[in-house]
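Reading through the structure tokens given below for one structure.
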Amino acid sequence: MSRSDEPLLRVDGLKKHYPITEGILNTEVGRARAVDGISLELERGETFGIVGESGCGKSTAAASMVRLEEPTDGEIRFEGENVLEYDAAELRRFRREVQLIFQDPDSSFDPRMSVGDAVAEPLVVQGMSDRERRREIVADLLERVGLSAADMKRYPHEFSGGQKQRIGLARALTVNPKLLVADEPVSALDVSVQAEILRLIDEFQRELGLTVLIISHDLGVVRQVCDRVAVMYLGEFVEVGPTEELFSNPQHPYTRALLSAIPTPDPTDRGLGVELTGDVPDPSDPPSGCKFHTRCPEVIPPSGIDLSQETWRSVLTFRKQVERESIDVESIVEMGVLESGDKYGNLEEPSPDAIDDADLKRWIRSEYDVPDRLDDPRAEATVDDALDAIVDGDHDRAKAHLAEEFTTVCEREKPELEACGTEQEAACHLLDDVHVELDELRLTE
Amino acid sequence: MSTRDDTTDVRDVPTERDDQPLLKISNLHTYFRTDSEDVRAVDGVSLTVDPGETVAIVGESGSGKTVASEAITRLFKSPPGYIPEGSIEINGREITDLSDEELRRVRGGEVSHVFQNPQGALNPVYTIGWQIREALQLHADVSKSEARERAVELLTQVGIPEASSRLDDYPHEFSGGMKQRVLIAIALACEPDLLIADEPTTALDVTIQAQILELLAELQEQRDMGMLFITHDLGVVAEIADRVAVMYAGKIMEKGSVEDVFETPAHPYTRALLDCLPGRGGIGGIPGELPDPRSPPPGCRFADRCRHAIDACRTGDQPGMHRVGDAPDHTTSCVHFEPGRDSSTVLDAGSEPAGSPSPPDDLERGGRR
């Protein structure tokens, strides 16, 4: 039944959406797209890592792959078999071949069950009734993870966090799994203990030919143990590749930003690339096109607009604010009056009507870091028009003006993962064929 | 940054600065009573922070770094916690013998705290604006409208967009990073001289952590504020600290300027900790565990896990602070650095070979069962 040329696990277009319901009838009003179409192949014996910030959907992705969560859409094949069509008995067998370890070693044990019983539990569940045999397996495994057989009689509270995580690993390995899914296996541990657990996982992988899927927010951890890495953002993979290539030559701006944000243990190399502003957007209302374009430091300007990257980024952020009608003129006025000193110092109730249009426009610009004057005359005219419209209270006109001039390919079209280098793939319009860009330029000129 | 280090290098001798350090902790002990023996969380720690300077205490869980920082304004629960000996001076004033009432004025006034978990540090039933105003009005006689103005200013300074419209929002309407910004705003409300930040970025994603670290550095520069930064992350230390103290089992193992400590880590514990970092070659961790804080072994607290341990490491008290090389401010609590011994045994050793627990470690583990 198992064909060795098949990858151990093949995931295709996996989606997991959570309905957002409202009211007594639980009417669906929206969907949180936790995982929104990811594909991957796990080769036998490899360690694959999924990294991303909190809320990117990496844990949900792992849970859906092993059917702890029922996927909304997509296909999962384990050794060539369709996991989503398993019946109860097949699912039980599948759950033996796939084992999990979790982040918090404290809550993954029953405090009233001895360590020996806890580690033996998967064997009991899978129907091994020979008590002696169970004891032998558990004793052997505890020793292999660096504890002793005598620890069987002790209870979880007698162990430190690192030891508990070792026990968790022993428990996962009792039933000889083919795939080990480790969800943030070392995040709750000290660095010195982290390194030990990672070494153990690495050792077992080599000895037992395990395939390992590691979910982590920590790029250092992933770099240390994984053969291949996928970087996840808002439910999608933005870049996938062999670890060393991905780390030394990241292709997606999000990967680059993540890497530059890690503090290096070298005091002579200071300054974190604080490129990303703001937080991860709401997954129930993800941005159009490339989901990262709202925070991307390298978002592509429309052809014909000649602005520095930084200025263009501010202009785009400003446009997004106008679109959401979340420009709060009152609060900008309040702040502006506070900072302006004498000019408006004697105003009783600061209101937009009492302020010079020119001042108000300047304050709005400074609130969104848009320079007082843009270098590109066309862009400057558009921004100025839009500001006039905002001052007049005509948001629709402002929106229309800005959308007409400042729409980027990053929000119009969704980039697909495409190859860039050997085995490395990234989903970014920066990697689109350069010729297309040139053609567009020629057309507009 | 380097100019500041020059003036703070020699700390015990008064420098050209005529003012005393902002914070001076000397031989601080903090114990917690239990049914049996006391838990010695902090067991003789000395440290100074100058105005405008960032000092980091780095250590793993159980090292006593958080208790040391909380002992400064006596934030730990008492009883069972108490300070059996030691002195804490802020701007030259001894504060270990202050009454609770007097201490309350120090907290949030001269000394402010920012904690790890922004979720738990804000009251969910009050608006952000209310909570900032509370901090202001507790320490200064300001009217409601003045407090509101100040709150808007503070939120703007910590980088919250459209601050005045967010004053009436509740904590749950902010993301984790934004909540931490609000907490920093609250901590800064009364213009503290010293900000104690206990793992302020540990609960945050790296991209948000980078934002918060930059914000703290900026604010500190604007205000010439001293900062005591508690963290387990050596990367963060290298990023923001001027000086660093490495703590283990209630004691300081090594301290010095951040350049010296990262360039020439001296104590075997510091070296092992650095080796644990991804990409530093050593994979394998530090075998063994922290000693029991109720009855720490004689000699160096790290001796049982140290591969350079000799007999002298297991007798007497924790070794004194010995100078490392020529750096005036770089000291370590390791016998190999005693005058007359050869420090190169430690300094020239390579990184820990992977997967070889030292024999004393096995002994220790066996003994504890």
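The values are calculated or read from the model by the stated rules, or taken from the named source; none is laboratory data. Just so it is clear, the model here is predicted, and its values are computed rather than measured. Here the Cβ positions follow ideal geometry from the backbone for every residue, glycine too, while neighbour counts run over all protein chains shown.
When you check A:A170 against the structure, is it within 11 Å of chain B (Cβ to nearest Cβ), free of Cβ contacts under 8 Å to residues at least 60 places away in the same chain and not in a loop (DSSP other than H, G, I, E, B), yes or no?
Here the answer is no, as A:A170 does not meet what is asked.
Just checking, how many residues over the stretch A:43-57 are closer than 29 Å to A:L208 by Cβ and surrounded by fewer than 21 Cβ atoms within 10 Å (Cβ to Cβ)?
The number of residues fulfilling the criteria is 4.
Select from the stretch B:156-170 the residues that are out of contact with any Ser or Thr (no Cβ under 7 Å at 6 or more places or on another chain), within 10 Å of another protein chain (Cβ to nearest Cβ) and not in a loop (DSSP other than H, G, I, E, B) and list them in ascending order.
B:T156, B:R166
For the stretch A:380-413, which positions are farther than 18 Å from A:G304 by Cα and outside any helix (DSSP H, G or I)?
A:D392, A:G393, A:D394, A:E413
Among the residues of the stretch A:220-239, write down those that are touching a strand residue (DSSP E or B) at 6+ places or on another chain (Cβ under 6 Å) and either under 30 Å from A:G162 (Cα atoms) or within 13 Å of chain B (Cβ to nearest Cβ) (or both).
Hits for the stretch A:220-239 are A:V222, A:V225, A:C226, A:D227, A:R228, A:V229, A:A230, A:V231, A:M232.
When you scan the stretch B:171-262 for helices (runs of 4 or more DSSP H) that lie fully inside it, which ones turn up with 1 or more residues that are without any contact (Cβ under 8 Å) to a residue 24 or more places away in the chain?
B:176-188, B:206-223
Among (1) more than 30 Å from A:E380 (Cβ to Cβ); (2) more than 9 Å from chain B (Cβ to nearest Cβ); (3) in contact with a Leu (Cβ under 7 Å, 6 or more places away or on another chain), there is one condition A:V280 misses while meeting the rest; what is its number?
Tallying (1) more than 30 Å from A:E380 (Cβ to Cβ); (2) more than 9 Å from chain B (Cβ to nearest Cβ); (3) in contact with a Leu (Cβ under 7 Å, 6 or more places away or on another chain), A:V280 fails exactly one: (2).
Condition test on B:S87, is it surrounded by fewer than 17 Cβ atoms within 10 Å (Cβ to Cβ) and within 28 Å of B:D141 (Cβ to Cβ)?
So B:S87 does not fit the description; no.
A:Q321: within 10 Å of chain B (Cβ to nearest Cβ), within 24 Å of A:Y254 (Cα to Cα) and modelled with pLDDT of 75 or more, yes or no?
yes
Looking at the stretch A:197-211, I want the residues that are away from every other protein chain (no Cβ under 13 Å) and have a partner that is assigned to a loop (DSSP other than H, G, I, E, B) and of a type in the set (S, T, N, Q) with Cβ atoms under 9 Å, at least 6 apart or on another chain. Which pairs are those?
Filtered contacts from the stretch A:197-211: A:L208/A:N176.
For the stretch A:406-421, state whether one or more residues are within 13 Å of A:Q251 (Cα to Cα), more than 20 Å from the chain's Cα centre (by Cα) and in contact (Cβ under 8 Å) with a residue 12 or more places away in the chain.
Within the stretch A:406-421, one or more residues are within 13 Å of A:Q251 (Cα to Cα), more than 20 Å from the chain's Cα centre (by Cα) and in contact (Cβ under 8 Å) with a residue 12 or more places away in the chain.
Kindly evaluate B:A266 against the criterion of being in contact with a strand residue (DSSP E or B) (Cβ under 7 Å, 6 or more places away or on another chain), surrounded by 18 or more Cβ atoms within 10 Å (Cβ to Cβ) and either at the interface with chain A (Cβ under 9 Å from one of its Cβ atoms) or hydrophobic (A, V, I, L, M, F, W, C) (or both).
yes
Quick one: how many residues across the stretch A:351-379 are of a type in the set (F, W, Y) and not in a loop (DSSP other than H, G, I, E, B)?
1
Could you list all residues from the stretch A:133-164 that are without any contact (Cβ under 8 Å) to a residue 12 or more places away in the chain and more than 9 Å from every other protein chain (Cβ to nearest Cβ)?
A:R133, A:E136, A:D140, A:E143, A:A149, A:E158
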